[in-house]
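Participant: Input: one structure, supplied below.
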């Protein structure tokens, strides 16, 4: 594979590159996203005490340290074989819900939303949070910042530290909640609910009220019929913190439901010669290539996937919106559950409804009489051996798997991070977007914009641990002919 | 050092501007954490009792989260890794930049970033919303070699730059050391 060469000025952190290969006729044969992978995490971890993992793994990623912290903490529960008490589970879920509200807020207002608020054909220089503010008003920008601020405060309050939380213990949580903290969180969770409802109204007004956008969402260019993964509770309702992992098919039927410790029985990784990325797929179905359909083991793990894999949502307002989501997008109820929605751009809408659910869940948990129970730090006494923990990270199911010796020193570490689940579907979405715009070797205008929209809905996390200067990732697309010669390079940046 | 002198009730008060030293990066990703390591070293060396106006912290966040961490300070000293990954890069080379310099090397205002905006876009956003952003920026950026591999040890050239950046910052701001 030809290595990339980029002008130093544009060389930035976490560089994502898209490669498009054409066939003899000059039409798209394959399209791939290349993401620089961080190396050596396993070697870095081996030999360290396992209980350090919640604090180490939250350094992997500057975007979702909370998700790694939580998956690691749950892996320790399993490793030390200690079941967290109800108050511990509730504190963790409350903390995690605050994280979801803030993370989904950023995506909608700073990343995914601008495509709709400003339009998919708008100037890339304007298609960011600043552009959104110019379009919809300063008040909304202030609300976004305020929302992030109050939820980061909750994360710090409950997690012990602002950006990289430290509260997770095997079977426990290092800090209980005070009455005063509960009052603050109750106030904040109501504000979060109001803000989520406001955001959904904005989505209604800007996106759903615009037929052109609705047509775009349901268009074939942004549709893939794959399997879907998500964590569900005992009623098959979406849960971010805990439950069983459920996988449903393109027609909506449940394929399998399993505890996360069994992940290796159900997920395998496909290695391709042209990429150092490994593509997870469903073992129970098998690998058939980068294709849609019930016979292809490609699955997706995103907000849309969680919707499709579940029967509903556990909080009242979110459930109302969940139903409206499916009804609006033409889904039918079969045997009590909606048939899946395959339109990838609908992920943005699902994300906002998840934000509402997280806000409502915060309120429920803060109101729980048990939440002030001070007994949050049990002593782990069992000899550790092996443990798997998983959560729903905002961008997909996140699994941590540790093995240790009898002293709890790590001997083996495996992580499947959220975005990894989606490597194959992201490649498929990019290919489909490119197919529409490259014919007979001619690259049509708007290629970059369309490709961006295609992959952005997955909210992919690319080497997000690094934030070195200048601190931004441009999109670069390379187009190669049937012989592998580079015929065109397009970059999304402004000189 | 910038100081404001305020005369109140016959007493002269020295009001130092509220200053933040923030080391950026991931301390377990080889060279990526160079900023964090500089900040930790400054924390060791500076006599914080002599500098009540000073906060020293570290962050691995960029964009919006970083911008939010800077709000409320009048002066920011930011230390980060500078990744060029080209033939012409000189690992360990230290760049001293202003905010305008940073603006000029940020190639785009576009949010193609994985999950965040650039610091420049984030600061512009804050200003647009009416927040007071810090008036003074002093940015130290160290050219780095390896930011894709997990290790707590920086590469030799970058390790050598750490004490140099530390002494440059101590000198620039005349911080009192232990």
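The values are calculated or read from the model by the stated rules, or taken from the named source; none is laboratory data. These figures come from a predicted structure and were not determined experimentally. Using ideal geometry, Cβ is built from the backbone for each residue, glycine included, and neighbour counts are taken over all protein chains shown.
Participant: Yes or no: residue A:164 in contact with a helix residue (DSSP H, G or I) (Cβ under 8 Å, 6 or more places away or on another chain), within 11 Å of chain B (Cβ to nearest Cβ) and not in a helix (DSSP H, G or I)?
Facilitator: Numbers: in contact with a helix residue (DSSP H, G or I) (Cβ under 8 Å, 6 or more places away or on another chain): yes; within 11 Å of chain B (Cβ to nearest Cβ): yes; not in a helix (DSSP H, G or I): yes.
Considered against the rule, which asks whether it is in contact with a helix residue (DSSP H, G or I) (Cβ under 8 Å, 6 or more places away or on another chain), within 11 Å of chain B (Cβ to nearest Cβ) and not in a helix (DSSP H, G or I), residue A:164 comes out as yes.
Per-residue answers, yes or no, for (1) at pLDDT below 95; (2) outside the structural domain of residue A:320 (by TED's automatic domain parsing):
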residue: A:184; (1), (2): no, yes
residue: A:191; (1), (2): no, yes
residue: A:202; (1), (2): yes, yes
residue: A:207; (1), (2): yes, yes
residue: A:210; (1), (2): yes, yes
residue: A:239; (1), (2): no, no
residue: A:248; (1), (2): no, no
residue: A:257; (1), (2): no, no
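Participant: Also: In segment A:47-78, what residues are modelled with pLDDT of 95 or more and either in the same structural domain as residue A:476 (by TED's automatic domain parsing) or assigned to a loop (DSSP other than H, G, I, E, B) (or both)?
Facilitator: A:47, A:48, listed by residue number.
Participant: Within segment A:352-392, how many residues are in a helix (DSSP H, G or I) and in contact (Cβ under 8 Å) with a residue 24 or more places away in the chain?
Facilitator: 19
Participant: In addition: Going through segment A:427-446 one residue at a time, which ones are under 17 Å from residue A:35 (Cβ atoms) and either without any contact (Cβ under 8 Å) to a residue 12 or more places away in the chain or over 29 Å from the mean Cα position of the chain (by Cα) (or both)?
Facilitator: Matches in segment A:427-446: none.
Participant: In segment A:285-323, what residues are touching a helix residue (DSSP H, G or I) at 6+ places or on another chain (Cβ under 9 Å), without any contact (Cβ under 8 Å) to a residue 60 or more places away in the chain and under 12 Å from residue A:350 (Cα atoms)?
Facilitator: Correct list: A:318, A:319, A:322.
Participant: Restricted to segment A:435-461, and to residues that are part of a loop (DSSP other than H, G, I, E, B) and surrounded by 24 or more Cβ atoms within 10 Å (Cβ to Cβ), which residue is modelled with the lowest pLDDT? Give the steps one after another, and end with the answer.
Facilitator: Taking segment A:435-461 as the starting set, the residues that turn out to be part of a loop (DSSP other than H, G, I, E, B) are A:440-441, A:444-446, A:457-461.
Next cut, surrounded by 24 or more Cβ atoms within 10 Å (Cβ to Cβ) only: A:457-459, A:461.
Working: A:457: 84, A:458: 85, A:459: 79, A:461: 67.
Residue satisfying both the conditions and the ranking: A:461.
Participant: Being modelled with pLDDT under 90 and not in a strand (DSSP E or B) is the filter; apply it to segment B:1-27 and report the residue that is surrounded by the most Cβ atoms within 10 Å (Cβ to Cβ).
Facilitator: Step one: filter segment B:1-27 for residues modelled with pLDDT under 90, giving B:1-17, B:24-27.
With the extra rule that they be not in a strand (DSSP E or B), the set shrinks to B:1-2, B:9-10, B:17, B:25-27.
On the way: B:1: 14, B:2: 13, B:9: 5, B:10: 5, B:17: 16, B:25: 31, B:26: 26, B:27: 19.
So, considering only residues that are modelled with pLDDT under 90 and not in a strand (DSSP E or B), the one surrounded by the most Cβ atoms within 10 Å (Cβ to Cβ) is B:25.
Participant: For segment A:116-132, what are the residues that are facing chain B (nearest Cβ under 10 Å) and in a helix (DSSP H, G or I)? If you could, list the steps in order and put the result at the bottom.
Facilitator: We begin by selecting, within segment A:116-132, every residue facing chain B (nearest Cβ under 10 Å); these are A:123-132.
Passing the criteria: A:129, A:130, A:131, A:132.
Participant: Also, quick follow-up: Return the residue satisfying two criteria in turn: it lies in segment B:42-61 and is within 14 Å of chain A (Cβ to nearest Cβ) and over 19 Å from residue B:74 (Cα atoms), and of such residues it is modelled with the lowest pLDDT.
Facilitator: Just the residues of segment B:42-61 that are within 14 Å of chain A (Cβ to nearest Cβ), to begin with: B:55, B:57-61.
Within this subset, residues satisfying the condition of being over 19 Å from residue B:74 (Cα atoms) are B:60-61.
Working: B:60: 77, B:61: 71.
Top of the filtered list is B:61.
Participant: Since residue A:171 meets every condition but one in (1) farther than 20 Å from residue A:195 by Cα; (2) out of contact with any helix residue (DSSP H, G or I) (no Cβ under 6 Å at 6 or more places or on another chain), which condition does it not meet?
Facilitator: So residue A:171 meets the others, but not (2).
Participant: Still on this structure: Taking the condition surrounded by fewer than 22 Cβ atoms within 10 Å (Cβ to Cβ) and modelled with pLDDT of 95 or more, does residue B:107 pass?
Facilitator: On the way: surrounded by fewer than 22 Cβ atoms within 10 Å (Cβ to Cβ): yes; modelled with pLDDT of 95 or more: no.
So residue B:107 does not fit the description; no.
Participant: Another question, if that's okay. Return the pair list, or none, for Cβ contacts closer than 6 Å from residues in segment A:480-495 that are away from chain B (no Cβ under 14 Å) and more than 15 Å from residue A:21 (Cβ to Cβ) to residues that are modelled with pLDDT under 80 and assigned to a loop (DSSP other than H, G, I, E, B), at least 6 apart or on different chains.
Facilitator: Listed by first residue and then by second, the contacts come to nothing, as the list is empty.
Participant: Shifting gears a bit: Give the number of residues within segment B:128-163 that are assigned to a strand (DSSP E or B) and within 14 Å of chain A (Cβ to nearest Cβ).
Facilitator: First, pick out the residues of segment B:128-163 that are assigned to a strand (DSSP E or B): B:136-143, B:149, B:151.
With within 14 Å of chain A (Cβ to nearest Cβ) added as a condition, the list becomes B:137-143, B:149, B:151.
Result for segment B:128-163: 9.
Participant: Checking the conditions here, which among B:66, B:99 is at pLDDT below 90 and facing chain A (nearest Cβ under 9 Å)? Steps first, please.
Facilitator: On the way: B:99 fails: facing chain A (nearest Cβ under 9 Å).
Of the residues listed, the single one that is at pLDDT below 90 and facing chain A (nearest Cβ under 9 Å) is B:66.
Participant: Mind counting the residues in segment A:262-295 that are within 29 Å of residue A:335 (Cβ to Cβ) and surrounded by 13 or more Cβ atoms within 10 Å (Cβ to Cβ)?
Facilitator: The number of residues fulfilling the criteria is 15.
Participant: Right, here's the next one. Of all residues being out of contact with any strand residue (DSSP E or B) (no Cβ under 8 Å at 6 or more places or on another chain) and part of a loop (DSSP other than H, G, I, E, B) in segment A:303-331, which is nearest to residue A:422 (Cα to Cα)? Just the residue, please.
Facilitator: Checking each candidate, the answer is A:330.
Participant: I've got another one for you. Could you say which residue among B:121, B:117 is modelled with pLDDT under 75 and buried (at least 19 other Cβ atoms within 10 Å of the Cβ)?
Facilitator: Values: B:121 fails: modelled with pLDDT under 75.
Just one listed residue meets the conditions, B:117.
Participant: Continuing with the same structure: Name the single residue, out of those in segment B:78-96 being under 19 Å from residue B:43 (Cβ atoms) and either in contact with a helix residue (DSSP H, G or I) (Cβ under 6 Å, 6 or more places away or on another chain) or in a loop (DSSP other than H, G, I, E, B) (or both), that is modelled with the highest pLDDT.
Facilitator: Of segment B:78-96, the ones under 19 Å from residue B:43 (Cβ atoms) are B:78-81.
Retained after the next criterion (residues that are either in contact with a helix residue (DSSP H, G or I) (Cβ under 6 Å, 6 or more places away or on another chain) or in a loop (DSSP other than H, G, I, E, B) (or both)): B:79-81.
Numbers: B:79: 92, B:80: 89, B:81: 87.
Of everything passing the filter in segment B:78-96, B:79 is modelled with the highest pLDDT.
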